[in-house]
Number of protein chains: 2
Amino acid sequence: MTLTESVLKGDRLALARLLSQAENNTSEGRAALAELFPHTGRAHLIGVTGAPGTGKSSLVNRLALHFRSLKKRVAVAAVDPSSPFSGGALLGDRVRMKDLSGDRDVFIRSMASRGALGGLAQSTAAVVQIFDAAGYDIIFIETVGAGQGEVDIVRLAHTTLVVEAPGLGDDIQAIKAGILEIADILVVNKADRPGVENTEKALRSMLELAHPAERIYLHHGQAISAGESPAPPAKAWTVPIQRTISTEGAGIPELAAQIEKHRDYLRSSGDWSARERARLAAEVETILQQTLSDQFHARVPETRYNEVMRRVFDRGLSPWEAVGLLTDGSGTTDRQATASNGPRERS
Amino acid sequence: MTLTESVLKGDRLALARLLSQAENNTSEGRAALAELFPHTGRAHLIGVTGAPGTGKSSLVNRLALHFRSLKKRVAVAAVDPSSPFSGGALLGDRVRMKDLSGDRDVFIRSMASRGALGGLAQSTAAVVQIFDAAGYDIIFIETVGAGQGEVDIVRLAHTTLVVEAPGLGDDIQAIKAGILEIADILVVNKADRPGVENTEKALRSMLELAHPAERIYLHHGQAISAGESPAPPAKAWTVPIQRTISTEGAGIPELAAQIEKHRDYLRSSGDWSARERARLAAEVETILQQTLSDQFHARVPETRYNEVMRRVFDRGLSPWEAVGLLTDGSGTTDRQATASNGPRERS
């Protein structure tokens with residue numbers, strides 16, 4: 001039995017191995033992804049983001065337990081920008097294991113940052129696809145929020161939860177987080193803390209500014225137009241604000257109900273497939289950029305590249321001029337080399 | 001007088017106009033950057049990052065005032081991932097203006113996120129170069145931290161300050177921030193808050209894990225190897241932890257002294273030019289990726305692209321397979337079109 005067949009049959013060990021291959025972007029991993037791709041498109045992808053200290057991980061734990069009680073199979077991709085030094089991913093896993101270990105229908109994968117965030121978004125997309133093909137009904141994508149990089153990761157999701165908590169900073173800082181616009185559902189976690197009314201009030205007034213009805217087309221506009229234009233949604237989604245206390249499980253069934261309501265909204269409005277398309281278009285763009293870059297570096301001799309870079313280091317050539325030189329010159333070299341089918345120019 | 005000449009002469013209005021052109025990546029902006037590039041390489045670039053609520057902005061304000069008292073010309077690039085809806089950038093500016101307005105040797109530029117973070121890193125690099133050419137001695141690059149995207153922006157700097165504050169979350173969350181490894185100086189701001197000892201203790205034990213001596217080569221390894229190998233630094237930098245209370249100005253002279261000490265370390269160890277090279281190499285890579293992507297989209301007919309994307313949307317083709325088709329097919333088309341010098345394939 002091949003690895004992909006084992007994954008489709010529900011073999012957890014095969015799943016773990018395939019996830020590693022996909023994360024490491026091996027050629028076997030890519031081949032397996034291609035094989036699994038026709039089996040994807042069924043799971044509900046739920047992004048969960050928010051600043052450090054908002055209690056995202058325990059919220060995801062609680063939601064996972066809740067959906068398990070509804071007999072849903074649940075997977076979690078916890079995207080963790082910790083370095084290999086800090087061991088944050090491991091620590092996080094151990095905390096989670098207490099509640100969810102031993103349940104064969106839950107799979108948690110912590111993903112540490114390896115290199116650039118583009119790479120992380122790409123490997124998260126791959127991990128989510130594998131979970132989807134493996135038959136998980138609900139897939140959480142959890143990231144530490146605030147930055148645009150995390151926004152890009154969460155954009156993989158059908159439904160995005162932005163988690164806030166009282167007392168994390170003043171109003172200006174809250175506004176600066178800048179991730180409100182991607183929220184489908186706002187969660188005020190740690191709602192037993194003082195200041196919860198103020199947090200909720202600030203969120204509500206910011207929501208009024210943000211015009212959620214326009215938001216979807218702003219964010220997904222470009223990607224959607226890559227396919228055919230979808231019909232505008234029947235009616236706009238009103239972003240709810242849900243209080244939770246994840247340590248006690250308070251508000252979790254209500255939050256889960258909001259998530260299911262949002263899924264129904266997406267299905268009935270046509271937004272579900274619009275988001276699917278936006279997601280796939282973004283994934284193709286990311287892989288495309290990586291491929292173009294790899295092709296360039298395979299094509300341009302290293303000595304040539306270093307020679308141009310030396311001129312940049314000496315301030316004799318600006319970065320823009322350098323790229324102009326490298327892309328014009330290399331193109332010619334490439335075409336000649338290909339035409340003569342001769343050996344690669346190397347030095 | 002051309003715009004770049006006016007900028008080099010110290011004209012603030014010309015500077016503001018050029019910054020806009022560079023941020024919008026106009027061809028005039030790029031031409032001006034090329035003209036200004038030989039004038040760059042003199043400023044000390046100081047990255048300041050940390051989670052929302054740590055008080056980064058007021059810390060940068062205080063440091064700016066301090067360096068002004070030493071007769072340094074100071075510029076600030078405040079990178080703000082707020083959306084246009086929230087108005088965070090505007091609000092931030094107004095708060096700053098109280099302390100620093102009217103000083104002709106201070107220039108503050110708030111940069112809101114436009115599209116992808118890659119673009120933001122690129123336009124930040126451009127803004128910093130213009131400040132550098134315009135003769136600012138100290139350039140702060142301030143970002144809301146936590147994500148890898150912000151890490152990439154801060155990597156532009158010679159000296160990176162990571163700002164923490166007591167009471168922002170538990171220890172696991174602090175580890176998750178994952179930006180400790182890029183710190184040259186750790187700042188515990190709001191040091192009059194309860195819990196400051198715990199925050200400092202947690203930071204200190206994490207520093208011991210992180211092996212700062214190895215860090216530099218890990219992070220800048222690839223970019224450095226693009227040029228010739230630098231000599232290893234004479235001795236490793238020990239990351240200091242500095243307490244501050246930016247609202248009162250406490251700890252600011254000491255922090256400024258640490259910053260100058262780090263600059264001296266960079267100069268004497270050879271790390272200054274190693275970081276310059278890493279920075280320029282990263283900038284070339286970013287521009288290169290953008291250029292390759294633009295060339296691809298100019299080359300591949302939109303109908304062809306959409307046709308392939310439709311097959312992906314129908315799950316008939318995986319994203320990897322789609323990119324394989326698009327890059328092979330387009331390459332052939334491009335070479336043929338170039339060889340015959342005929343008109344571009346369009347439909």
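Of the residues in the range A:99-128, how many are of a type in the set (Gly, Ala, Ser) and modelled with pLDDT of 65 or more?
9
From the list B:140, B:131, exactly one residue is within 18 Å of the chain's Cα centre (by Cα), in a helix (DSSP H, G or I) and either modelled with pLDDT of 60 or more or surrounded by fewer than 24 Cβ atoms within 10 Å (Cβ to Cβ) (or both). Which is it?
B:131
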Filtered residue count, the range B:263-277, keeping only those that are more than 14 Å from every other protein chain (Cβ to nearest Cβ) and surrounded by 14 or more Cβ atoms within 10 Å (Cβ to Cβ): 5
Scope the range B:286-299; condition in contact (Cβ under 8 Å) with a residue 12 or more places away in the chain and within 8 Å of chain A (Cβ to nearest Cβ); matching residues: B:287, B:289, B:296
Single residue of the range A:219-243 satisfying the filter (out of contact with any Leu (no Cβ under 6 Å at 6 or more places or on another chain) and more than 30 Å from residue B:303 (Cα to Cα)) that is modelled with the lowest pLDDT: A:235
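The rows are residues; the columns are (1) more than 25 Å from residue A:202 (Cβ to Cβ); (2) among the hydrophobic types (A, V, I, L, M, F, W, C).
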| site | (1), (2) |
| --- | --- |
| A:244 | no, no |
| A:248 | no, no |
| A:251 | no, no |
| A:260 | yes, no |
| A:263 | yes, no |
| A:274 | yes, yes |
| A:277 | yes, no |
| A:282 | yes, yes |
One residue from B:15, B:36, B:91 being modelled with pLDDT of 90 or more and at the interface with chain A (Cβ under 10 Å from one of its Cβ atoms): B:36
Checklist (1) within 14 Å of chain A (Cβ to nearest Cβ); (2) more than 18 Å from the chain's Cα centre (by Cα); (3) modelled with pLDDT of 90 or more applied to residue B:96, failing item: (3)
The range A:177-195, residues that are at pLDDT 90 or above and either assigned to a helix (DSSP H, G or I) or touching a helix residue (DSSP H, G or I) at 6+ places or on another chain (Cβ under 7 Å) (or both): A:184, A:185, A:186, A:187, A:188, A:189
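The values are calculated or read from the model by the stated rules, or taken from the named source; none is laboratory data. Only a predicted model underlies this, so the values are computations on that prediction, with no experimental measurement involved. Counting neighbours? That spans all protein chains shown, and the Cβs are built from the backbone with ideal geometry, glycine included.
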